[in-house]
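The values are calculated or read from the model by the stated rules, or taken from the named source; none is laboratory data. A quick note: this is a predicted structure, and the numbers were derived from the prediction, not measured. When we count neighbours, we look across all protein chains shown, and the Cβ atoms used for this are built from the backbone with ideal geometry, even at glycine.
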Amino acid sequence: MLSQPKIIIKVEVPLMMSKTCRLFAFLLISISPQLFSDTIDPIEVSLDVFQGGIVVGKVAPGYRLTYSDRELHISSSGTFVFGVGRDASGYAELKVFERNDAMSSKKIEIVERDYNIQYVEGVPQRTVTPTETDLTKIQRDAELVKAARKHELVEPLFLEGFVRPIQGQITGVYGSQRIYNGTPGRPHYGIDYAAPKGSNVVAPAPGIIRLSESDLFYSGGTIILDHGYGISSSFLHLSQVLVEVGDRVNFGDVIGLVGSTGRSTGPHLDWRMNWFDVRIDPEIVLDVLPRK
Ligand SMILES: [Zn+2]
């Protein structure tokens, strides 16, 4: 007899960016093989997914999943993960394939968030209006970063959970529209922590170093740490990088020192997170996957 395939998605998200107002989201998706090919929706969903969110779920053995045209890695216990972008709208569509390749899709409504506008004065003007030579370097930097986030590490290290990479006052949040020296720039995708130059930056979760560069144009000293299944952390504006590509690090290992390199107005750490090239909100990751 076939076991009952079941997908459980647990999502916990900040609501309206307020710490005191969290929505605990729990999705229970139950799929029976008989209903699967029917036109009746066999899936129960009791909540929504927020922009910038990470979604961690479980699926029964023998099934394959894709999201956003990407095959999802599934752990031995059936866990999978994907991320939803800052400006994603409409529905997150998960495709579920049975053993015989029959496919069904589950559409989960994406709840939109309000992002604030943040004015940043005093960054080096050259980082707002780059020269032709700068643009060549910017392009090269972007290719390095893109390659660093392409790895398909099949160890789900992210499941060990996350801690903050530094303690410090938060001076910037995910999603803000940024105006640099009066000129609109790209949105901000990380959490900024103010901290004295030279403060330790530690690994927020286990992983493998995929990029360690001391001088990228916008982000200065930059490290990218792979936590598996496409989930990665980036650490920007470092005064020193203390790891090499290929290094394996664990919770609390010092990987770099706080600085103000690149497009920055003073010493701080900018911690970002991705699911492959989709930028997700580290605050949501801390909520959904706290260190065990
Ligand atoms: Zn920042």
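The conditions of being surrounded by fewer than 21 Cβ atoms within 10 Å (Cβ to Cβ), within 12 Å of the ligand (Cβ to nearest atom), β-branched (Val, Ile, Thr) and farther than 30 Å from SER75 by Cβ are not met by ILE179.
For (1) part of a strand (DSSP E or B); (2) in contact with a strand residue (DSSP E or B) (Cβ under 7 Å, 6 or more places away or on another chain), each residue gets a yes or a no:
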| residue | (1), (2) |
| --- | --- |
| GLY57 | yes, yes |
| SER75 | no, no |
| ALA88 | no, yes |
| GLU93 | yes, yes |
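Note on segment 260-292: residues that are touching a Ser or Thr at 6+ places or on another chain (Cβ under 8 Å), within 16 Å of the ligand (Cβ to nearest atom) and over 12 Å from ILE191 (Cβ atoms) amount to 7.
Picking from residues in segment 143-176 that are under 17 Å from the mean Cα position of the chain (by Cα) and among the small types (Gly, Ala, Ser), the one that is nearest to the ligand (Cβ to nearest atom) is GLY172.
Selection over segment 56-78 of residues that are surrounded by 17 or more Cβ atoms within 10 Å (Cβ to Cβ), farther than 19 Å from GLU98 by Cβ and touching a Lys or Arg at 6+ places or on another chain (Cβ under 8 Å) gives a count of 1. Pairing each residue of segment 166-179 that is modelled with pLDDT under 95 and polar (S, T, N, Q) with any residue that is more than 12 Å from the ligand (Cβ to nearest atom) and not in a loop (DSSP other than H, G, I, E, B), provided the two are 6+ apart or on different chains, yields C-beta distances under 6 Å for GLN177/ILE117.
Just to check your reading of the model, which residue among GLY90, GLY52 is over 18 Å from the mean Cα position of the chain (by Cα), closer than 23 Å to MET273 by Cα, at pLDDT 90 or above and among the small types (Gly, Ala, Ser)?
Unique residue meeting the criteria: GLY90.
Out of everything in segment 230-282 that is farther than 21 Å from ILE179 by Cα and of a type in the set (S, T, N, Q), what residue ends up being nearest to the chain's Cα centre (by Cα)? Before you say what the answer is, go through the steps one by one.
At the first step, the residues of segment 230-282 found to be farther than 21 Å from ILE179 by Cα are 230-235, 238-259, 273-278, 282.
This time we only want the ones that are of a type in the set (S, T, N, Q), so: 232-234, 239-240, 250, 274.
Numbers: SER232: 6, SER233: 7, SER234: 9, SER239: 23, GLN240: 23, ASN250: 18, ASN274: 3 Å.
Here the answer is ASN274.
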